Amino acid sequence: MNNFIKLCAFVLTAVVILCCFCGCQKEEPAKILKTYAIAVDTELPFSAASQFEGIQGVELNLLDAIARDQNLSYSPLNINESAAADLKNKTVDAAMAMLEINETNKKSFDFSDAYFEDGYIFCVSKNSAAQTAEELLKGKIGIVANSKAEAFLYTLTSNPNTVVFDNKADMYSAIQKNEIPAGFYEYMGVKYDIKAGVALKTVGEKTGSIPYGLAVLKGKNKKLITLFNQGLENIKSSGKYDEIIDVYFK
């Protein structure tokens, strides 16, 4: 009987000690994963801002792939006046909305590595016999007023014979009606439009360089830039990057 009482006392003591020990343990706080608010563009091929559930648009597709690779939580937000304005007003943490990596923008923002390098290219009707950009520079060239392509064209020739249009749709129409032999515009826009069904083709190679990157306010959100760059490198290595790009531009 004495042995039984001693055993019970031992067990009871052990239980009390164990409970005290457990009670003294500090619970590990749950890790809070920051959700980054990222401004995105509002039209394809960049981002379809009204269709976030489908994750459509080359920028959103790339952002989503990078986020999955890095376990990154983000919320895509429509840009208002501009992605740059949203960043400066601190209404978003970052912007992935065709912000060019250039010296002017670097004064206000820090950038990731370029996720896409745009440029310029000539487009002609499908039955055009033109083979090179050089021969197209000798004729009339359609351009869109105040576009980057308009300014860059003057680096290719000092006195281009230009026909200015208010928008690229009117320029495309003039080419298709043989009113002008060629148009000159941003590579991404032309390639996407052709893939989407515009009856044109391109001539020559992409020229010029317009690198686009994820932007944050200077000195802010450095961790996001690091995560983005690592994710971008990983999806390029895995082939996921090319898979996304091909959907819109091949």
Response to the item:
Apart from one, (1) free of Cβ contacts under 8 Å to residues at least 60 places away in the same chain; (2) in contact with a Phe, Trp or Tyr (Cβ under 7 Å, 6 or more places away or on another chain) all hold for Asn89; the odd one out is (2)
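Do the conditions hold for Ser237, that is, is it among the hydroxyl-bearing types (Ser, Thr, Tyr) and assigned to a loop (DSSP other than H, G, I, E, B)? Steps first, answer last, please.
Working: among the hydroxyl-bearing types (Ser, Thr, Tyr): yes; assigned to a loop (DSSP other than H, G, I, E, B): no.
When the stated conditions are applied, Ser237 does not pass them.
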Response to the item:
If we keep only residues of segment 157-169 that are farther than 13 Å from Cys123 by Cβ and out of contact with any helix residue (DSSP H, G or I) (no Cβ under 8 Å at 6 or more places or on another chain), then the residue surrounded by the most Cβ atoms within 10 Å (Cβ to Cβ) is Thr157
Fill in: Residue satisfying all of: in segment 180-208; open to solvent by 60 Å² or more (accessible area, probe 1.4 Å) and either of a type in the set (Lys, Arg) or in contact with a Gly (Cβ under 7 Å, 6 or more places away or on another chain) (or both); nearest to Tyr154 (Cα to Cα) among these
Lys206
Response to the item:
Filtering segment 99-133 down to residues that are in a loop (DSSP other than H, G, I, E, B), closer than 22 Å to Gly231 by Cβ and open to solvent by 40 Å² or more (accessible area, probe 1.4 Å) yields Asp113
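Conditions (1) farther than 10 Å from Asp113 by Cβ; (2) open to solvent by 80 Å² or more (accessible area, probe 1.4 Å); (3) modelled with pLDDT of 95 or more, marked per residue:
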residue: Leu214; (1), (2), (3): no, no, yes
residue: Leu224; (1), (2), (3): yes, no, yes
residue: Leu227; (1), (2), (3): yes, no, yes
residue: Gly231; (1), (2), (3): yes, no, yes
residue: Ser237; (1), (2), (3): yes, yes, yes
residue: Ile244; (1), (2), (3): yes, no, no
residue: Lys250; (1), (2), (3): yes, yes, no
Discussion item. Whether any residue in segment 132-148 is over 29 Å from the mean Cα position of the chain (by Cα), among the basic types (Lys, Arg) and within 23 Å of Gly197 (Cα to Cα) is what I want to check.
Written reply: no
Discussion item. Suppose we filter Lys148, Lys140, Lys177 for residues that are charged (D, E, K, R), at pLDDT 95 or above and surrounded by 15 or more Cβ atoms within 10 Å (Cβ to Cβ); which single one remains?
Written reply: Lys140
Worksheet entry | Selected residue (criterion: farthest from Val144 (Cα to Cα)) from residues of segment 177-206 that are in a helix (DSSP H, G or I) and out of contact with any strand residue (DSSP E or B) (no Cβ under 6 Å at 6 or more places or on another chain) | Lys195
Worksheet item: Between residues in segment 182-202 that are of a type in the set (Asp, Glu) and residues that are open to solvent by less than 20 Å² (accessible area, probe 1.4 Å), which pairs lie under 7 Å by C-beta distance while being six or more apart or on different chains?
Response: Glu186/Asp118; Glu186/Tyr120; Glu186/Ala149
Worksheet, complete the sentence: Counting only residues that are in a loop (DSSP other than H, G, I, E, B), modelled with pLDDT of 90 or more and in contact with a helix residue (DSSP H, G or I) (Cβ under 8 Å, 6 or more places away or on another chain), segment 53-84 contains a total of 1
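The values are calculated or read from the model by the stated rules, or taken from the named source; none is laboratory data. Keep in mind the model is a prediction, meaning the values are calculated, not measured. Backbone-built Cβ (ideal geometry, glycine too); neighbour counts: all protein chains shown. Side chains included, ligands, DNA and RNA excluded: accessible areas come from the protein's heavy atoms. Shrake-Rupley method; radii C 1.70, N 1.55, O 1.52, S 1.80 Å.
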